[in-house]
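Each remark here refers to the structure printed beneath this line.
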Amino acid sequence: MGGLTPRGTARERFLRERGAPAVPDVERRARSAEGEDFEPGYLGWEVARCAGGLGAEDQGVLASLAAACVVSIESGSTRMPLEGPAFVAALSAAGAEEHVDAARRLLARARAAAGGDAVTAVVGLPGERKPLIVDGQWLYIERMRVLEERFCARIRARLAAAAPGDPRAATRALAAVASGPPPLTPEQKRAVRDALSSSLVLVAGGPGTGKTTTVVALLRALVWMGVPMEAVAIAAPTGKAAQRLSESITAGLSSVPRDIASPSLHALAHSPQTLHRLLGWSPSAGRFARHQNDPLPHRVVIVDEASMIDLAMMDRLVASLRPDARLVLFGDADQLPSVEAGAVFRDLCASLGPTRLTTNLRVAREESARGIIAAAQAVNAGLAGEGLLSVVAGRGSIEAVTFEGVEHLAGRWSDVGGPLLESWWQRFGATGEDVVRRSARTYRFPAGAPEAECADDLRALFDHYARSRLLCVTRVHGLPTGAGEINDRLLARLRGGGSRARFWRRAQELPPGAPVMVLRNDYERELYNGDQGLVARVDPGDGGEARPMAVFPRDGSFHAVPIDPSIELAPAFAMSVHKAQGSEFDHVALVLPDDDMPLLTRELLYTAITRARRSVLLVGSGDLLARAVTRGAQRFSGIAERMS
């Protein structure tokens, strides 16, 4: 018998045997899931080992099916289709396209549930406790099917419960806030009315449709109804989205008249938090503090950017609510769905019907927004060719780009990438005299907060970088159009030239003036995945030397965090479109890859375009752009079907 190994004896055996016929040749797709890496091929092998009595060929086919199902979950689906091109694509993604016909035969045996067939030891039918479940024309990993069923049951129970609150009080409260300013549109009034009188409300709207105005009106109406603000929770999936929501609420409250709602609302404005923090996630314990047996105390829970929430987190949220609590979900169902499995907000909107905000208010206020909204609508409608090109200005060279409205710079990155980055750096990078000075200076933080003059300079530096962002389809290093490679090139410019090598493998090597983003939740420092900050030279006032630290906005001021090996930061001159969700910038450039990839979809284009307030530059092949417009993101989920 072999000895124990750090990765586990079973995994070591798999790695030794992976070349055998019984094990599919699956490329490693390591991914973090609650701190554990898992590999589709390894899990497929484990499932196949449990089916005692199968021959080597059948074991290989079964391992391929299980691996393909895991790959589907990694791609965001909760189940895998068993028919059509999507079935073939799923097996191909798991490196097992040669097993398509054999997999169909194996599944037919599982459906027949023939007595004595070894495959039925691990492949079952709905209601059975087996690793893989065949449900009609779908294959589930059993835990994902249970999660879907449990979540849908909780939603049905919430919808069937008596609506909280007094309808007459809700009518009076709506009348008190409807006149604004700004006055609510009929759609916004309906959204507030529904949120005041229902246990579950979905409010769906694109950019500029007044979702934040609706949130502010809802909060004011709750005060008029006598709901104490400590009984209201406001949350978002990421730290950046929560920060932006806080800023938007504060700005919205500044425009409304002071009334009985004002004192408590202004205190609430700074309280949006991440869902993990709301639900009491403990990394050391590996669990949430809030659950169905210890629910949240709040009577109203408002969540923004709901399209980013995966199935497991949405189930956790719904399970943690009081039976009489209201849940109000705001989001854009046309954006990219969650990174993890599920497209829950989109599925719920499809099955239950949301309260829709369709009137674009930003167009009426801002001339520059019209082209962006028109381009987003064309992409969302799948209008390639003349549909999109009619609202996009074609540019033959980087010299012709104006960074106004929506522009398209056609060409391969190898041809246009260098000139684009040079122009981008000169316009939006650390080139101006004030930006260079603020990047290089030392900031004094006595007693943990910056001095007033330092805070002003930091705010100006943050505002400078908040104006613009390069967005990429992926952040993979080694890909010229990935955010990692582009960040390397711009970091080299910040350092004054030199090598483009990835010299920031450790966060301590990031230079002052570099915009950065948090890659993993850090609860001790109160930093969350997606939080954006800057590296600055800080004198903490402890008698030691000034040193580079990561500085983040917090509660209207700034918080400096020592950079040590435990903090996970990456430069953020460029970021993936997924990471940009929940953010807005004046100017956005979307860098398309030179070659097509499955990630390039209509939803990704729509999400990238709608991150911008003033201008969008689309960089890449026109053919690739048209292909992306006509291709939707495939997420296979049973929620809409179960809720219908």
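Numerical summary
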item	result
Number of the exception - LEU125 against (1) in contact (Cβ under 8 Å) with a residue 24 or more places away in the chain; (2) of a type in the set (A, V, I, L, M, F, W, C); (3) exposed (fewer than 15 other Cβ atoms within 10 Å of the Cβ)	(1)
Subset of the stretch 441-450 (residues that are modelled with pLDDT of 90 or more and in contact with a Lys or Arg (Cβ under 8 Å, 6 or more places away or on another chain))	ARG441, THR442, TYR443
The lone exception for PRO540 - which of (1) open to solvent by 50 Å² or more (accessible area, probe 1.4 Å); (2) in contact (Cβ under 8 Å) with a residue 12 or more places away in the chain it fails	(1)
Lone qualifier among VAL328, VAL318, VAL301 - being surrounded by fewer than 24 Cβ atoms within 10 Å (Cβ to Cβ), in contact with a helix residue (DSSP H, G or I) (Cβ under 7 Å, 6 or more places away or on another chain) and in contact (Cβ under 8 Å) with a residue 24 or more places away in the chain	VAL318
Some residue of the stretch 271-288 being open to solvent by less than 10 Å² (accessible area, probe 1.4 Å), under 30 Å from TYR606 (Cα atoms) and assigned to a loop (DSSP other than H, G, I, E, B)	no
Yes/no for ALA195 being without any contact (Cβ under 8 Å) to a residue 12 or more places away in the chain and either within 19 Å of ALA325 (Cβ to Cβ) or open to solvent by 10 Å² or more (accessible area, probe 1.4 Å) (or both)	no
Search result, residues across the stretch 514-535 that are assigned to a loop (DSSP other than H, G, I, E, B) and either at negative phi or surrounded by fewer than 24 Cβ atoms within 10 Å (Cβ to Cβ) (or both)	ALA514, LEU519, ARG520, ASN521, TYR523, GLU524, ARG525, GLU526, TYR528, ASN529, ASP531
Qualifying residue in the stretch 472-487 (condition: closer than 24 Å to SER615 by Cα and open to solvent by 40 Å² or more (accessible area, probe 1.4 Å))	yes
Helices (runs of 4 or more DSSP H) contained in the stretch 536-635 and holding at least 1 residues under 30 Å from CYS454 (Cα atoms)	577-580
Residue identified as over 30 Å from LEU336 (Cα atoms), buried (at least 18 other Cβ atoms within 10 Å of the Cβ) and more than 28 Å from the chain's Cα centre (by Cα) among LEU184, LEU174	LEU174
Helices (runs of 4 or more DSSP H) enclosed by the stretch 150-257 - at least 3 residues per element that are under 30 Å from ALA612 (Cβ atoms)	186-197, 211-224, 239-254
Selection count where residues are farther than 14 Å from ASN380 by Cα and either among the aliphatic types (A, V, I, L, M) or at pLDDT 90 or above (or both), scope the stretch 597-610	2
Filter result for the condition that a residue is within 17 Å of LEU361 (Cβ to Cβ) and either among the hydroxyl-bearing types (Ser, Thr, Tyr) or touching a residue at least 60 places away in the same chain (Cβ under 8 Å) (or both), over GLY239, GLY180	GLY180
Qualifying positions in the stretch 430-471 - under 21 Å from ASP542 (Cα atoms), hydrophobic (A, V, I, L, M, F, W, C) and either without any contact (Cβ under 8 Å) to a residue 24 or more places away in the chain or exposed (fewer than 13 other Cβ atoms within 10 Å of the Cβ) (or both)	ALA447, ALA452, CYS454
Residue check for VAL146: open to solvent by less than 30 Å² (accessible area, probe 1.4 Å) and β-branched (Val, Ile, Thr)	no
In the stretch 390-409, residue most open to solvent (accessible area, probe 1.4 Å) [restricted to those that are under 28 Å from the mean Cα position of the chain (by Cα) and under 19 Å from ARG602 (Cα atoms)]	VAL391
Contacts under 7 angstrom Cβ, first residue in the stretch 88-101 being under 18 Å from TRP138 (Cβ atoms), partner open to solvent by 20 Å² or more (accessible area, probe 1.4 Å), 6 or more apart	VAL88/GLU97; LEU91/GLU97; LEU91/HIS99; VAL100/VAL88
Search result, residues across the stretch 571-605 that are within 28 Å of GLU545 (Cβ to Cβ) and either free of Cβ contacts under 8 Å to residues at least 24 places away in the same chain or open to solvent by 10 Å² or more (accessible area, probe 1.4 Å) (or both)	PHE573
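The values are calculated or read from the model by the stated rules, or taken from the named source; none is laboratory data. These numbers come from a predicted model, not from an experiment. We place every Cβ from the backbone using ideal geometry, glycine too, and count neighbours over all the protein chains shown. These area figures cover heavy atoms from the full protein model, side chains too; ligands, DNA and RNA do not enter into them. Shrake-Rupley method; radii C 1.70, N 1.55, O 1.52, S 1.80 Å.
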